[in-house]
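Read the structure below first, then the notes.
The values are calculated or read from the model by the stated rules, or taken from the named source; none is laboratory data. Remember, it's a predicted structure, so these values are computed and weren't measured experimentally. Note that we place each Cβ from the backbone using ideal geometry, even for glycine, and neighbour counts take in every protein chain shown.
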Amino acid sequence: MTAPGETAPRNWAAWTVIAWGVLFAVPTFVWATGHTYGASSTVSPDLVKMVRDGVTWFMVVLWTTAFLKLFGAALGALMTRPRSTRIGRFAMFCAGGASTLLAGHGLLFIVTGTLAQTHVISLKTDLTGITRWYLYLWGPYFVLGGVAFGLSTLWYLRHAPDRARIVRYAQVGVTGGLLLTLFSVLSGIG
């Protein structure tokens, strides 16, 4: 906690969250407009086909996720310095959940990619060409976002004057993120 009259050091992790969100939103916005630039060789062929075919529900998903990534960047901006209790609670809930979801999703890509590359598991033939992209690009990028959100949350909690009142919101967010990740793994979604 920062002492009264002291200014907290900069939350570099929050700035990482901002950059991560904006950079991650750009290709999603491109794909949401129906273009597959950069996607053809790095993303599942089934997803690329849905973009090319303009499948309505999938385009809505792309637009939604693109805006969620910008929302993540805005959340990072909220966490650059401690704020009021209401904003702090909201930021901690969202950031705790985002940290867990992103890190879990990225780790799932890395584990699956590693198992596929070492031939422990086999994937559909059309997925073998993109396994390395998920293992070396998408997985680590999701993990980076999760770690940045997590570190930013910890910094925020450390410097918030009302830490005792907002820490449980981060805990609830993390728990929700774990439950969503577990549901995603068990249902095969994501």
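Residue check: Gly72 meets all listed conditions (1) on the phi < 0 side of the Ramachandran plot; (2) free of Cβ contacts under 8 Å to residues at least 12 places away in the same chain but one, namely (2).
Return a yes/no flag: does region 16-30 have any residue that is at pLDDT below 85 and either buried (at least 20 other Cβ atoms within 10 Å of the Cβ) or part of a loop (DSSP other than H, G, I, E, B) (or both).
Step one: list which residues in region 16-30 are at pLDDT below 85, which gives none.
Taking every residue of region 16-30 in turn, none turns out to be at pLDDT below 85 and either buried (at least 20 other Cβ atoms within 10 Å of the Cβ) or part of a loop (DSSP other than H, G, I, E, B) (or both).
Which helices (runs of 4 or more DSSP H) does region 86-190 wholly contain that include 2 or more residues that are touching a Phe, Trp or Tyr at 6+ places or on another chain (Cβ under 7 Å)?
On the way: elements: 125-128, 139-159, 163-187.
Result: 139-159, 163-187.
Contact annotation: residue pairs with Cβ atoms under 6 Å, 6 or more positions apart or on different chains, pairing a residue in region 102-115 that is at pLDDT below 95 with a partner that is surrounded by fewer than 16 Cβ atoms within 10 Å (Cβ to Cβ) and not hydroxyl-bearing (Ser, Thr, Tyr), are Leu115/Ile121.
Pairing each residue of region 82-98 that is on the phi < 0 side of the Ramachandran plot and touching a residue at least 40 places away in the same chain (Cβ under 8 Å) with any residue that is polar (S, T, N, Q) and assigned to a helix (DSSP H, G or I), provided the two are 6+ apart or on different chains, yields C-beta distances under 6 Å for Ala95/Thr153; Gly96/Thr153.
Look through Arg132, Arg163, Arg158 and report the one residue that is surrounded by fewer than 18 Cβ atoms within 10 Å (Cβ to Cβ), without any contact (Cβ under 8 Å) to a residue 24 or more places away in the chain and of a type outside the set (A, V, I, L, M). Even if it seems obvious, please write down each step before you answer.
Numbers: Arg163 fails: without any contact (Cβ under 8 Å) to a residue 24 or more places away in the chain; Arg158 fails: without any contact (Cβ under 8 Å) to a residue 24 or more places away in the chain.
After applying the criteria, what remains is Arg132.
Test Ala73 against the stated conditions and say whether it is within 24 Å of Tyr134 (Cβ to Cβ), touching a helix residue (DSSP H, G or I) at 6+ places or on another chain (Cβ under 9 Å) and assigned to a loop (DSSP other than H, G, I, E, B). Against the criterion (within 24 Å of Tyr134 (Cβ to Cβ), touching a helix residue (DSSP H, G or I) at 6+ places or on another chain (Cβ under 9 Å) and assigned to a loop (DSSP other than H, G, I, E, B)), Ala73 does not qualify.
Evaluation of Gly88 against the conditions (1) over 15 Å from the mean Cα position of the chain (by Cα); (2) within 21 Å of Leu186 (Cβ to Cβ); (3) among the small types (Gly, Ala, Ser); (4) crowded, with 20+ Cβ neighbours inside 10 Å shows that the sole unmet condition is (2).
How about region 168-179: which of its residues are among the aliphatic types (A, V, I, L, M) and crowded, with 17+ Cβ neighbours inside 10 Å? Once the filter is applied, which keeps residues that are among the aliphatic types (A, V, I, L, M) and crowded, with 17+ Cβ neighbours inside 10 Å, region 168-179 yields Ala170, Val174.
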